[in-house]
Amino acid sequence: MRLLIMLLILGGMGYGGWQLVNTHPEIKNQVVELIESGSFPTLEVRYTAEQIMQTHQKELLNDNRHQFLEPILKFYPYLLLEVKYNISDKQTGEGVILWDLTDGEMVIDTRNWDKTHGFGDCIKASTKKHEFKILNILARNGGISDRDTLSKALHVENEVLDGWIDACRKKKLIVQAGNRYRLHLQNPKLRVVPETRIMEKLVTKPYKNAIRASRRFSASQIEKITQSAFGDDFFIRHREDLYLPVHSIAVENPDGSIHTTHWNALNGQRLSQTYFIN
């Protein structure tokens, strides 16, 4: 009898834990990071912190009263997707996508690390495939369209369209502006080819005992949003976790305050400060 009670308790705890990590992705991500150990795959460090500090010394140090502190190398989580997608009735595209698990955005071009803007919000809103149809039409029309344009493009009943629009509004993905609807994003960038332009071959290497940033999004969330955004013909052939090396370069000011900038160690370019909110 005791054994049966113990098994029931353990089963309930296991089910409760499963429910918790599946309904709260942030907890699931923390559990994954606790389990992970040893080496992990990273993109190649092509620019050292010393090279960046030397190249951008005039930009970072206003005068000789400012001084560099010891730089820190930190690794940010990405998902590498090998995909295929439909270009036209006669052509299929194949390539890879780099997807940032920190801000939920796709890298468009590794040369300048240009990214999409809006997918992170869509992931948080659990945007469905039919809702993405509205977002894609708005994106195709410069971010704003009237209801008649949406109706002609979607070919659905009025009640269905009203339901889709209402869902997007409730999720704060679109707003009504007069008799039009627009994407509720500053400088949205959703209408992209589902492939990252990679100027040089990506080289990965194992790394140990390094600082890793936390994931804010899971691989399953990225897979779901790509399936919703890029259509029925989009297919993920393979996925791989990897990390982007980033240099945190700190400068001590004359008043003792510290100003920190972050630099992509793959292409040597400065990253936006708004990205590093933690």
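Being over 20 Å from the mean Cα position of the chain (by Cα), over 24 Å from Leu61 (Cβ atoms) and part of a loop (DSSP other than H, G, I, E, B) is a condition met by at least one residue of the range 221-235. Can you confirm whether Pro194 is closer than 21 Å to Glu105 by Cα and at pLDDT 95 or above? Yes; evaluated as a whole, the condition is true for this residue. If the condition is being of a type outside the set (D, E, K, R) and touching a Lys or Arg at 6+ places or on another chain (Cβ under 7 Å), then the range 82-97 contributes Val83, Thr92, Gly93.
Residues in the range 66-105 that are assigned to a loop (DSSP other than H, G, I, E, B) and in contact with a His (Cβ under 8 Å, 6 or more places away or on another chain) were compared, and the one that is farthest from Ser257 (Cα to Cα) is Glu105.
Taking the range 35-49 as the range and being modelled with pLDDT of 90 or more and either exposed (fewer than 10 other Cβ atoms within 10 Å of the Cβ) or of a type in the set (Ser, Thr, Tyr) (or both) as the test, the residues that pass are Thr42, Tyr47, Thr48. If you go through the range 164-178 and keep only what is part of a helix (DSSP H, G or I) and exposed (fewer than 13 other Cβ atoms within 10 Å of the Cβ), you end up with Asp166, Lys170.
Tally time: how many residues in the range 204-255 are surrounded by fewer than 15 Cβ atoms within 10 Å (Cβ to Cβ) and under 16 Å from Val107 (Cβ atoms)? Within the range 204-255, residues that are surrounded by fewer than 15 Cβ atoms within 10 Å (Cβ to Cβ) and under 16 Å from Val107 (Cβ atoms) number 2.
Of Ser272, Ser228, all but one fail to be of a type in the set (S, T, N, Q) and free of Cβ contacts under 8 Å to residues at least 12 places away in the same chain; the exception is Ser272. Answer yes if at least one residue in the range 236-255 is part of a strand (DSSP E or B), of a type in the set (Val, Ile, Thr) and under 21 Å from the mean Cα position of the chain (by Cα), and no otherwise. The answer is yes; a qualifying residue exists. Can you confirm whether Gly120 is touching a residue at least 12 places away in the same chain (Cβ under 8 Å), touching a Lys or Arg at 6+ places or on another chain (Cβ under 9 Å) and assigned to a strand (DSSP E or B)? No: the conditions fail for Gly120.
Let's see how each residue does on (1) of a type in the set (Lys, Arg); (2) surrounded by 15 or more Cβ atoms within 10 Å (Cβ to Cβ):
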site	(1), (2)
His66	no, no
Lys115	yes, yes
His130	no, yes
Ala139	no, yes
Asp148	no, no
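Residues checked against (1) without any contact (Cβ under 8 Å) to a residue 12 or more places away in the chain; (2) among the hydrophobic types (A, V, I, L, M, F, W, C); (3) part of a loop (DSSP other than H, G, I, E, B); (4) over 25 Å from Asp114 (Cα atoms):
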| position | (1), (2), (3), (4) |
| --- | --- |
| Asp162 | yes, no, no, yes |
| Arg182 | no, no, no, no |
| Pro194 | no, no, yes, no |
| Met199 | no, yes, yes, no |
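Out of curiosity, is Asn264 surrounded by fewer than 15 Cβ atoms within 10 Å (Cβ to Cβ), in the same structural domain as Thr55 (by TED's automatic domain parsing) and touching a strand residue (DSSP E or B) at 6+ places or on another chain (Cβ under 8 Å)? For Asn264, the condition - surrounded by fewer than 15 Cβ atoms within 10 Å (Cβ to Cβ), in the same structural domain as Thr55 (by TED's automatic domain parsing) and touching a strand residue (DSSP E or B) at 6+ places or on another chain (Cβ under 8 Å) - is not met.
Checked against (1) assigned to a loop (DSSP other than H, G, I, E, B); (2) farther than 30 Å from Pro254 by Cβ; (3) assigned by TED's automatic domain parsing to the domain that holds His262; (4) not aliphatic (A, V, I, L, M), Gln186 meets all criteria but (3).
The values are calculated or read from the model by the stated rules, or taken from the named source; none is laboratory data. None of these values were measured; they are calculated from a predicted model. Because the Cβ atoms are built from the backbone with ideal geometry, glycine has one as well, and the counts that use them run over all protein chains shown.
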